[in-house]
1. Hey, what number do you get for the chain at 222 nm if only DSSP H runs of n ≥ 4 count, each worth -39500 (n - 2.57), divided across all residues, to the nearest 500?
2. Excluding residues on the same chain fewer than 8 positions from Lys168, give the lysines whose Cα lies under 18 Å from its Cα.
3. Using the crude model of +1 on Lys and Arg Cβ and -1 on Asp and Glu Cβ, and no other charge, please compute the dipole size for the stretch 138-197 relative to its Cα centre, in debye to 20.
4. Which shape class applies to the stretch 144-206: rounded if a/c is under 1.5, otherwise prolate when a/b exceeds b/c and oblate if not, where a ≥ b ≥ c are the square roots of the Cα gyration tensor eigenvalues?
5. In a shell of Cβ-Cβ distance under 15 Å around Met28, excluding Met28 itself, what net charge do Lys and Arg (+1) and Asp and Glu (-1) give?
6. With +1 on each Lys and Arg Cβ and -1 on each Asp and Glu Cβ, how big is the dipole of the stretch 6-88 about its Cα centre, in debye rounded to the nearest 20?
7. What is the calculated FRET efficiency for Glu144 to Asp202, with r their C-beta to C-beta distance and R₀ = 45 Å, to the nearest 0.05?
8. Counting Lys +1, Arg +1, Asp -1, Glu -1, what net charge surrounds His12 among other residues with beta carbon under 14 Å of its beta carbon?
Amino acid sequence: MHPNPSFHSHDHAKDIALVRNRGFGTLMVNGDPVPMVAHVPVLLSEDGCTVLIHLVRSNPIARALKTPLPARIAVTGPDAYISPDWYGVADQVPTWNYVAVQITGVLELLPHEEMRDVLDTQTAHFETQLADKTPWTTNKMTPEVLDKMMRMIVPCRMTVNEIEATWKLGQNKDDAVRLRAAEQVPGGMGTELEALAAMMADPPVL
């Protein structure tokens, strides 16, 4: 997380909502000689206590989960490069504004009999966020094909110990300075620039 405390979130309801809306993150587990990393669908519970994920069976992290392991999941929100010229005041430096949540806990492999429940729970959450369609369910699949595909993945659960979040939106700048920069963000570089600009224009209470 960013070392400046003015960017640190203490509103975990907001952090949880961001993770549940994003639904995708980077899983990290200690490895030798480097950390093991996987990019996975993420379903954080509404109370922020557990995360459900699934991994391809051949993933190194899945193979390492003979016993529960400490792990971290990073979920990122909008981000944008901020040019010093946009502030309209002297002696500024370039930076990157962003939103990110880190979830730390213990990851365990669930019994494979729970794979269907994990898949159905994840899918129900993601499908209900799509407009103008009947939610897809595993019941639409041929049972034999579904069983074959589920044998290729494994269910996992993280018990959450800590949630940390950075909402770096220029809160350390005067309002007028931050707003001038926010106006320029949509024409810049990054991801979800309009969303990031809106957050900079009206930063959430942390």
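Throughout, read-outs are computed from the coordinates displayed, never taken from laboratory work. From a predicted model like this one, the values you see are computed outputs, not experimental measurements. Positions of Cβ are backbone-derived with ideal geometry, glycine not excepted, and every protein chain shown enters the neighbour counts.
1. Numbers: 6 runs with 56 residues, N = 206.
Result for the chain: -8000 deg cm²/dmol, rounded to the nearest 500.
2. Lys14
3. On the way: 8 positive and 9 negative charges, 46 e Å.
For this selection, approximately 220 debye.
4. Because a/c hits 1.5 or more and a/b fails to exceed b/c, the stretch 144-206 counts as oblate.
5. Details: positive: Arg72; negative: Asp32, Glu162, Glu164.
Local net charge: -2.
6. Working: 7 positive and 7 negative charges, 95 e Å.
Using only the charged Cβ atoms, the result is roughly 460 debye.
7. Numbers: r = 52 Å, r/R0 = 1.16.
The value I calculate is 0.30.
8. Numbers: positive: Lys14, Arg20; negative: Asp11, Asp15, Glu46, Asp47, Glu162, Glu164.
Once positives and negatives cancel, what remains is -4.
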